[in-house]
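No value in this document is a laboratory result; all are computed from the given coordinates. Since this is a predicted model, take the numbers as computed values, not measurements. Cβ placement follows ideal geometry from the backbone for every residue including glycine, while neighbour counts extend to all protein chains displayed.
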Amino acid sequence: MAKSDDDILSEFALSVSAEIIGNSAALKRVMESAKIVARSNLPVLLRGETGTGKESLAKLIHAHSLRCDGPFVKLNCAALSPGLLESELFGHEKGAFTGALSKKVGRFEMAHGGTLLLDEIGEMTPEFQAKSLRVLQEGEFERVGGTKTLKVDVRLIFATNKNLELAVTAGEFREDLYYRINVLPLTLPPLRERDGDISLLATEFLQRFSRQNGRPLKFASSTLDILSRCEFPGNIRELQNCVQRTATLAHSNTIMPADLACQQGVCYSQILKSAVTVQNNKGMIYDFVRDEAVPTGEMTDASTFTPGAATKWSTLIDRESLQQAMTMAGWVQAKAARNLGLTPRQVGYALRKHGIKIRSF
């Protein structure tokens with residue numbers, strides 16, 4: 001039995017929705033709003049930091065619109081020079097400029113009957129902004145080097161990570177274009193404001209990596225806990241890069257905290273710092289960060305270890321992950337410490353805290 005158009009469109013919408021991973025209230029609010037604005041043909045302005053998933057949300061809007069059976073076309077305005085951008089968007093006639101050996105259809109024509117996503121619109125030159133405004137208002141344009149006016153039926157979605165209000169004030173963005181595109185604005189939350197979504201995304205990215213590379217990988221719960229404490233200023237894109245890099249370099253199929261590529265970077269250090277209660281004791285922070293930065297070392301007298309730091313670190317590693325790390329290290333405390341990115345004395349404290357006795361073989 002042949003599937004109806006509604007069935008096909010529903011499957012497409014579901015496949016697009018599957019690209020957006022997360023259960024946080026902040027994300028759900030944006031997704032619900034996106035499905036509502038999808039019902040109209042008005043322009044949509046997607047705002048948010050880099051890597052927050054603006055393109056995926058644009059696809060979701062298209063999938064839930066009446067144009068879902070039409071094409072979805074995208075263009076990054078920041079990736080091309082003004083001359084190339086005009087040719088890519090409007091197309092050009094044969095002989096319009098040196099190298100134009102044949103007619104080229106632009107993105108506006110490609111998107112006829114569907115949706116066109118213009119990403120990084122804050123990077124458009126004022127001249128190009130004026131030409132885009134005309135398409136918005138009249139739905140018409142000419143190819144570069146052409147005289148024939150072409151009409152298109154396109155739903156436009158704009159995306160930016162810039163503060164357009166400041167750009168308007170500075171004279172860098174046309175005020176009339178700003179009001180024209182800011183009809184249905186949607187702001188995507190950064191990853192740090194999406195409670196619980198980092199673990200879901202990291203796990204999904206790791207599963208994809210495992211399928212693609214034929215390697216059954218998983219995160220230790222303590223590793224997911226550390227990732228969840230990261231801010232990821234590059235958002236989803238940065239998290240995905242982190243997972244792929246870590247999975248590639250991981251020494252075993254269970255990814256431990258020491259496997260995280262950011263272990264010796266600013267993000268990891270910030271996590272360690274935030275885990276300490278200062279109480280006007282700067283030395284405590286210094287000793288804690290210094291200890292975390294040393295991957296190996298001889299066992300030192302426990303009396304020299306800052307108890308506050310150890311107590312706080314113990315909240316970042318659970319009993320199961322600690323036992324797993326010790327087993328993988330043959331119950332050699334120094335080796336387990338290296339795998340966990342800790343010093344041996346910190347592992348010793350964690351073992352005592354969880355009541356785990358060292359096994360002898």
So if I take the centroid of the Cα atoms in region 187-233 and the same for region 42-119, what is the distance between those two points in Å? 31
Gain in span if fully extended, Glu193 to Glu127, counting 0.36 nm per residue against the direct Cα distance: 20.1 nm
Between Val105 and Ser252, Cβ-based FRET efficiency (R0 45 Å, step 0.05) works out to 0.30
On alpha-carbon atoms, Rg over Rh for region 5-189 using Kirkwood Rh? 0.98
Full-extension gain in nm, Lys162 to Asp318, via 0.36 nm per residue minus C-alpha separation: 52.1 nm
Fraction of antiparallel bridges per DSSP, region 90-180 only, in percent to nearest 5: 45
Tell me, what HN-Hα J-couplings in whole Hz come from the Karplus equation 6.51 cos²θ - 1.76 cosθ + 1.60 at θ = phi - 60° for each residue of region 58-74, using x for Gly and Pro? 4, 5, 4, 4, 4, 5, 9, 9, 6, 9, 5, 8, x, x, 10, 10, 10
With each pseudo-label sitting 7 Å past Cα toward Cβ, what's the Val332-Arg134 distance in nm, one decimal? 7.3
Once you place label points 7 Å from the Cα toward the Cβ at Gln212 and Thr50, how far apart are they in nm? 2.0
For region 117-126, take each phi angle, set θ = phi - 60°, evaluate the Karplus expression 6.51 cos²θ - 1.76 cosθ + 1.60, and give the result in whole Hz per residue in order, putting x for glycine and proline. 9, 9, 8, 6, 5, x, 8, 5, 6, x
FRET efficiency (Glu175, Lys94; Cβ distance; R0 30 Å; to 0.05) is 0.20
By average C-beta atoms within 10 angstrom, highest first, the peptides 115-126, 213-224, 195-206: 115-126, 195-206, 213-224
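Tell me, in nm to one decimal, what length is gained between Glu231 and Asn76 on full extension, where the rule is 0.36 nm per residue of separation less the Cα-Cα distance?
On the way: separation 155, 0.36 × 155 = 55.80 nm, distance 2.59 nm.
Stretched fully, the Glu231-Asn76 segment lengthens by 53.2 nm.
Quickly rank 46-54, 24-32 as a protection proxy: mean count of other C-beta atoms within 10 Å, highest first. Before the final figure, lay out the partial values.
Working: 46-54: 21.0, 24-32: 15.8.
Averaged packing, sorted descending, gives the order 46-54, 24-32.
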